1. Do any strands (runs of 3 or more DSSP E) lying entirely in the range 29-93 carry at least 3 residues that are open to solvent by less than 30 Å² (accessible area, probe 1.4 Å) and under 22 Å from Trp131 (Cα atoms), and which ones are they?
2. Just name the residue that is nearest to Ser4 (Cα to Cα) out of those in the range 139-158 that are touching a strand residue (DSSP E or B) at 6+ places or on another chain (Cβ under 9 Å) and in a helix (DSSP H, G or I).
3. Filter the range 123-138 for residues that are open to solvent by less than 70 Å² (accessible area, probe 1.4 Å), assigned to a loop (DSSP other than H, G, I, E, B) and either among the β-branched types (Val, Ile, Thr) or over 15 Å from Thr85 (Cβ atoms) (or both) and give the result.
4. Could you go through the range 103-110 and let me know if any residue there is within 24 Å of Asp26 (Cβ to Cβ), of a type in the set (A, V, I, L, M) and open to solvent by 30 Å² or more (accessible area, probe 1.4 Å).
5. For Phe106, only one of the following conditions fails: (1) under 19 Å from Ile145 (Cα atoms); (2) not in a strand (DSSP E or B). What is its number?
6. When residues of the range 2-16 are filtered for being touching a residue at least 60 places away in the same chain (Cβ under 8 Å) and either charged (D, E, K, R) or open to solvent by 20 Å² or more (accessible area, probe 1.4 Å) (or both), how many remain?
7. Just the residues that are in a helix (DSSP H, G or I) and open to solvent by less than 70 Å² (accessible area, probe 1.4 Å), please, taken from the range 113-122.
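The values are calculated or read from the model by the stated rules, or taken from the named source; none is laboratory data. As the structure is a computational prediction, the values presented were derived from the model and not from experiment. All Cβ positions, even for glycine, are placed from backbone atoms using ideal geometry, and neighbour counts span all protein chains on display. Ligands, DNA and RNA are stripped out before the accessible areas are found, and what is left, the full protein with its side chains, is counted by its heavy atoms. Shrake-Rupley method; radii C 1.70, N 1.55, O 1.52, S 1.80 Å.
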Amino acid sequence: MEFSSKDNYFMNLALNEAEIALNNGDFPVGAVLVIDGRLISKRRNTLYCDTNWASHAELSIINENSKIIKQSVKNNNSKVVLYTTLEPCLMCLGAAVLHRVARIVFACPDPHGGATLLNPNNLTEWYIRKWPKIQGGLCREQAYILFIQFMKQKNTPSWNKILKLFEDMYNK
């Protein structure tokens with residue numbers, strides 16, 4: 001799977017957001033929204049900082065920019081790309097599909113079985129037509145290191161179980 005220099009640039013912006021999240025005591029996920037090659041917005045997880053478990057970086061960035069995404073796609077047939085440091089969950093993937101995100105690029109796979117493993121062919125034609133191109137693995141190691149740092153800092157039984165899942169997945 002090949003990634004462009006622009007892909008690397010935007011993923012590094014997402015990694016910077018993830019690092020800020022980590023420094024703020026939050027799970028280190030960063031996201032970047034790009035429309036027609038232009039940076040629109042950057043976000044990071046805030047689910048522990050603001051106590052809203054739905055404050056995922058991807059969902060937040062899509063919700064905050066919903067109007068511009070809709071206008072760009074409907075009026076200009078624009079290409080919307082979402083960069084994220086962790087494979088999107090079902091909620092974030094669903095928001096991306098509904099907003100006609102054309103492409104999702106993620107760094108690290110989710111060892112819980114991220115939503116990108118869903119087979120769109122098991123859904124209706126409506127979803128199949130809107131399904132984004134999904135590519136993973138760009139800057140995987142940098143994202144993985146941030147996740148491991150976070151989980152080791154937490155050092156609780158539940159985070160230690162997740163840490164083991166990440167380590168097992170990464171060492172395959």
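1. Of the strands (runs of 3 or more DSSP E) lying wholly inside the range 29-93, those with at least 3 residues that are open to solvent by less than 30 Å² (accessible area, probe 1.4 Å) and under 22 Å from Trp131 (Cα atoms) span 30-35, 80-86.
2. Arg140
3. Correct list: Trp131, Pro132.
4. Checking the range 103-110: not a single residue is within 24 Å of Asp26 (Cβ to Cβ), of a type in the set (A, V, I, L, M) and open to solvent by 30 Å² or more (accessible area, probe 1.4 Å).
5. (2)
6. Total meeting the criteria: 5.
7. Result: Ala115, Thr116, Pro120.
Results for (1) free of Cβ contacts under 8 Å to residues at least 40 places away in the same chain; (2) closer than 19 Å to Arg100 by Cβ; (3) out of contact with any helix residue (DSSP H, G or I) (no Cβ under 8 Å at 6 or more places or on another chain), shown as yes or no for each residue.
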{"position": "Glu19", "(1), (2), (3)": "no, no, no"}
{"position": "Ile35", "(1), (2), (3)": "no, yes, no"}
{"position": "Asn45", "(1), (2), (3)": "yes, no, no"}
{"position": "Thr51", "(1), (2), (3)": "yes, no, yes"}
{"position": "Glu58", "(1), (2), (3)": "yes, yes, no"}
{"position": "Ile62", "(1), (2), (3)": "yes, yes, no"}
{"position": "Val73", "(1), (2), (3)": "yes, yes, yes"}
{"position": "Thr84", "(1), (2), (3)": "no, yes, no"}
